[in-house]
Every structure is written in structure tokens, then in C-alpha cells.
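Values in this text are rule-based calculations from the coordinates and carry no lab data. What you see is a predicted model; the values in this text were computed from it and never measured. Quick reminder, even Gly has a Cβ in these numbers, built from the backbone with ideal geometry, and neighbours come from all protein chains shown.
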Amino acid sequence: MPAKTADAILDRHFLELRCEILNLAAALDRIERSVGFDGVRDDGRVELLRQGIDILRTGGTDRAERVQMLFSDEYQAGWNQ
Amino acid sequence: MYFIDPHVHMVSRVTDDYERMRRMGCVAVSEPAFWAGFDRGSVDGFRDYFRQLTEFEPTRAGWSGVQHYTWLCINAKEAENVELSRGVIEMIPEFLNKPGVLGIGEIGLNKNTPNECTIFREHLELAAKTNELVLIHTPHLVDKYKGTRMIVDMLQERNDIPPHRVLIDHVEEHTVKVAKDGGYWCAMTLYPTTKCTPARAADIIERYGDDHIMVNSAGDWGPSNPCAVPDFIQEMRHRGHSEAKIRKIVYENPLEFFRQCERFEFTPPE
């Protein structure tokens, strides 16, 4: 368990989290206002980013793990049989 | 606080880095053989590299009061050249009894290809035959989860390498449990862009505990920070974790794993 309270963690990280959301928003804006955006609108990577943002909007304590799995190749059990 | 960086490629760093690391509390490093940024062309090229790792690098580290240990292999990126890889694996035993050699590593997968699997298995065969510890590199980014699972599958194909003699490196949120559930040691790499941050490493400790886990910088020729372990120490302190808990992760755990190597000799700091 974290050694600090949720309130203390929020106090410590609020501004950097705000900054990270702004960086994400600005990067998405940059892509959308750039030449050739129509060509990447349906790019699988853009869709993955959208799905990653959706994960952030859910609750739970395993969002980082779920984002990792979203960006991971599928493992097939028994591949070495 | 004294710490050990159990994975850092010091041949790519300058002597000033040893000085800075020592000033931050580093008493020892272990350096796995790795990719030089280009594919080497001959077994003799690796022989020279292994001489550097086992002869000059411990001397240079000693100038700053840092104890230097190393691991030998041909890395996964170069494993696509199966013929060269087999030549290197055949040559490795020339160096296995040198002081400071801890075992075979960092072996593993990069793009999860059949050739990488072939050479990974042949490295395991050498480790089993010579009773060496094993240090394993797991792939990055999209390949990591699948590659880590494949690595564990290949480890479990055999029963002559006990899990507690294997360290699975570069674990992250989605692979740490795979390593720990298998009974393996694991390590988190504090690397700015492709691996873990000090804060996420601390999160993983809080979720999965401090047993059989360590942190490293994997500092190399890329954008990396050989003083990343002190950043982790600072993050843990910020969160109010005890000095004893932090010391276990950054000092005692690496020592416990390394001490399984019969050649391992360590002088504790005064």
C-alpha cells in the first residue's frame, strides 16, 4: 500500500498530472491540424490512443496494467508445442 | 544510502559517471553484455568485448571505488545471425572463471523471432551445463508481454535451471506478476522513454511487494541516466517508505541474488 494518504498524493501530483493531460491534448491537436491528417484519422495507433484515454476514464487500481496490455502483442499459449 | 546498480552498461559511459554514481552512494555495478549499437561481425570482436568487460572495466570502476561485475552472452538483437551466435556461445567458457563474472546475460528476446528463441535456448543450455546464473532481457513496448511469456515458457521447458537462479529484467506493470509467479527474481529498469519511471517502479513495489525484486538504470549509450537508482530512492522516501525497505530493494536484494554465484566476492562499504 502507498505510505501516504490519497489526499497527500493528489496534492503532490495534481499539477504534474494537469501538465501531462495538457501535453496529451496539445499533441493530439498538433496531429489534427497538420497536413495529411485525413490520412491518419483511421490509423490504428490513433485508435489505440483513443482506447487508452477511455481506460483512464474508468475506475480501479490497475489502469496502468490495462494500458500496457492495450499496447501489447497478443500471446498465444502453447506456441512452443 | 548505499546502493548497487545491478544492470548498467558502463562501457558506454564516461569515468565521470562512475564518480557521480559513487558520490550518490553506488558501491557496485553489474554490467550485462549487450548490443553496441551495431551488429558485430566476428567471434573475435566479442572476445575483445569480453576482455574489456572482465579486465579493463573493473579496473576503471575501481578508480572511483565502485566494484564491477559482469555477465556474458551475445544479445538478442544479434541472435538473428545464428552462426555467429553459436561461435560466441562456444567461446564464452573461456571467460567464465574470470573474477567478477556472475553468469550468462543479458540473454532473451527482442522481436520474439524463431532465431532469437533458438539462441536463447542455446544460452540456457550453456548456463545449465556450467551451472551459471542467468540474467534475462525482456523485449520493449508492444513485444514485451508476449516475449516475457515466451521466455518463461522456454525456461519451463527444462528443469535444470532453478527459478531462483534466474533474474527477469525490465519488468513493468503487465509482466511483473508473470516473473514473480514463476518464482524468478525480477528487476525494473528506470529508463526515460521505453521502460519504467521511478514513480511507476515505486507503484509496482507498493502493489507487489519488495521480495525478489530490484531496480536498475540500464544506463547505456542511449538517452539514459546512470543515477536513476538514487531517483528511485528519493521517490520512495517522498512516499514515506522506511529506509530498511528501500535498502532491501537497492542493496540487499541484488547481493542476495549475486551471492548464488560461487565466484562472487564483495567488499561491503565501511
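Per-residue ellipticity at 222 nm computed for chain B from its helices equals -11000 deg cm²/dmol, with DSSP H segments shorter than 4 residues left out and the rest contributing -39,500 (n - 2.57).
Let me test this: with uniform point scatterers at the alpha carbons of the range B:156-255, what is the Debye-based log₁₀ I(q)/I(0) at q = 0.10, 0.12, 0.20 1/Å? Evaluating at q = 0.10, 0.12, 0.20 Å⁻¹ gives log10 I(q)/I(0) of -0.26, -0.37, -0.98. Percent of C-alpha pairs per 10 Å bin in chain B, short distances first: 7, 33, 39, 19, 2, 0.
Counted over the range B:156-204 with a bin width of 5 Å, the fraction of Cα pairs per bin, in whole percents, is 5, 22, 27, 21, 12, 8, 5, 1. Straight-line cross-link partners of B:Lys98 among the aspartates and glutamates, defined as a Cα under 15 Å from its Cα and at least 8 positions apart when in the same chain: B:Glu31, B:Asp48, B:Glu55, B:Glu57, B:Glu132, B:Glu262, B:Glu265. Working ranking of peptides B:83-93, B:168-178 by packing, defined as the average number of other Cβ atoms within 10 Å per residue, highest first, is B:168-178, B:83-93.
Measuring spread by the Cα atoms of the protein assembly as shown yields a radius of gyration and Dmax of 20.8, 64 Å. Legend: distances between Cα atoms for B:Lys77/B:Lys129; B:Lys146/B:Lys180; B:Lys77/B:Lys177; B:Lys111/B:Lys146; B:Lys144/B:Lys195; pairs beyond 18 Å are B:Lys77/B:Lys129; B:Lys77/B:Lys177. Taking Lys and Arg as +1 and Asp and Glu as -1, the other residues whose beta-carbon sits under 14 Å from that of A:Arg57 total +2.
Against the empirical curve 2.2 N^0.38 Å, the C-alpha radius of gyration of chain A lands at a ratio of 1.48. The relative contact order of chain B comes to 19 percent, based on Cα pairs under 8 Å that sit 6 or more residues apart. Charged side chains reduced to their Cβ positions (Lys and Arg at +1, Asp and Glu at -1) give chain B a dipole of some 460 debye around its Cα centre.
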